[in-house]
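*Asks:* Supplied in C-alpha cells, the structure appears directly below.
The values are calculated or read from the model by the stated rules, or taken from the named source; none is laboratory data. Note that the structure is a prediction, hence the values are computed from the model and not measured. Here the Cβ is made from the backbone with ideal geometry for all residues, glycine too, and neighbour counts use every protein chain on show.
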Amino acid sequence: MMTIEVFTSDTDLSEERGRELARRLRDCLTTGHSAPASVVARAQELTHVTVHRPLAWATGGPDPERVPRYLLRVTVPGTWIGNEFGEHAIPALTSAVGEFDGDPQRLHHHPHCVVQVIGLREGTFGTRGVVTSSSDVTRMMTEDYRESADLAGGTVDPVCGMTVDPATARHTLTVDGIEYAFCASVCRKVFAEDHGIAV
C-alpha cells in the first residue's frame, strides 16, 4: 500500500497531463521488475497517486511558475524503508518526473524536485476498514501468485515471484533443507509466518 502525493508549480498542467503524470509515477514503482503480472496488477491496485497544484509556491531560484518545481511525498509501510526503498524510489521518481517535464537532466542538476519518503508505523494504516500490517499488504499484493507458486526454492522469491540471485540475496530462509531467497525482508517474514516459523 503506497500513496504518492505530487505538488507542482506547473501552471500549464492540465487535468489530462496530471493523470499522465500520476500513471507514470505509479508505473515507475510498480512495473519493470521481474514480478509476475498478477503481483504487478495488485501492487497497482494498492498504489494511489494524486496530483495537486497549490495556490502559492514560494522558494528561491528561478520563478517556479516559469521553471516548474515538484514535491513528491511517498508514504509506505515503515518496514519497507529498511529494504532500501528510498534508494530505489527517489532516483526512479525523479527520473519519471524529469521525463514528464521534458528536461530530465534539470531535476538531476538542480533541487527542483524534492522526494520525501515517509514510513508509517505498524498499526497506523489500513484498508477494508481494518488496521493492515506490512505483512498483510504483501499478502494482498501476492495472493494470486502465492496460490499458484512452485515452492522449489532457488532463484524465485516464493512470496512475490521476483527473480532473486541466491548468491547475493540479503534475505534467505532454510526450511526442511531447502534454502529460499527473498527480494525483501517482508517477503521473508510472510513466508516464515505462513509456515509457522519464528524469525
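*Asks:* State whether the residues of the range 35-52 include one that is over 28 Å from Tyr145 (Cβ atoms) and among the charged types (D, E, K, R).
*Replies:* no
*Asks:* If you don't mind, another one. Could you list, in sequence order, the residues of the range 13-34 that are more than 22 Å from Tyr145 (Cα to Cα) and either in a helix (DSSP H, G or I) or free of Cβ contacts under 8 Å to residues at least 40 places away in the same chain (or both)?
*Replies:* Here is the first cut: in the range 13-34, the residues more than 22 Å from Tyr145 (Cα to Cα) are 13-25.
Of everything in the range 13-34, those that are more than 22 Å from Tyr145 (Cα to Cα) and either in a helix (DSSP H, G or I) or free of Cβ contacts under 8 Å to residues at least 40 places away in the same chain (or both) turn out to be Ser14, Glu15, Glu16, Arg17, Gly18, Arg19, Glu20, Leu21, Ala22, Arg23, Arg24, Leu25.
*Asks:* Which residue pairs have Cβ atoms closer than 9 Å, lie 6 or more positions apart in sequence or on different chains, and pair a first residue in the range 53-78 that is farther than 25 Å from Glu15 by Cβ with a second residue that is basic (Lys, Arg)?
*Replies:* Gly61/Arg69; Pro77/Arg121; Gly78/Arg121
*Asks:* Right, next: Looking at the range 61-77, which of its residues are crowded, with 17+ Cβ neighbours inside 10 Å and of a type in the set (D, E, K, R)? Steps first, answer last, please.
*Replies:* Here is the first cut: in the range 61-77, the residues crowded, with 17+ Cβ neighbours inside 10 Å are 64, 68-72, 74-77.
Listed by number, the list holds a single entry, Arg69.
*Asks:* Got at least one residue in the range 42-65 being modelled with pLDDT under 90 and either farther than 22 Å from His171 by Cβ or in a helix (DSSP H, G or I) (or both)? I'd like the intermediate steps shown before the answer.
*Replies:* Here is the first cut: in the range 42-65, the ones modelled with pLDDT under 90 are 65.
Keeping just the survivors that are either farther than 22 Å from His171 by Cβ or in a helix (DSSP H, G or I) (or both) gives 65.
Within the range 42-65, one or more residues are modelled with pLDDT under 90 and either farther than 22 Å from His171 by Cβ or in a helix (DSSP H, G or I) (or both).
*Asks:* Can you find, within the range 100-146, the residue that is surrounded by the fewest Cβ atoms within 10 Å (Cβ to Cβ) among those that are modelled with pLDDT of 90 or more, touching a Cys at 6+ places or on another chain (Cβ under 9 Å) and of a type in the set (D, E, K, R)?
*Replies:* Arg106
*Asks:* Could you tell me which of the residues Ala58, Ala43, Ala35 is farther than 15 Å from Val6 by Cα, out of contact with any Lys or Arg (no Cβ under 7 Å at 6 or more places or on another chain) and surrounded by fewer than 17 Cβ atoms within 10 Å (Cβ to Cβ)?
*Replies:* Numbers: Ala43 fails: surrounded by fewer than 17 Cβ atoms within 10 Å (Cβ to Cβ); Ala35 fails: surrounded by fewer than 17 Cβ atoms within 10 Å (Cβ to Cβ).
Within the list Ala58, Ala43, Ala35, the selection yields Ala58.
*Asks:* When the range 36-76 is examined, which residues are found to be farther than 22 Å from Thr94 by Cβ and in contact with a Phe, Trp or Tyr (Cβ under 7 Å, 6 or more places away or on another chain)?
*Replies:* Answer for the range 36-76, where residues must be farther than 22 Å from Thr94 by Cβ and in contact with a Phe, Trp or Tyr (Cβ under 7 Å, 6 or more places away or on another chain): Pro36, Ser38, Val39.
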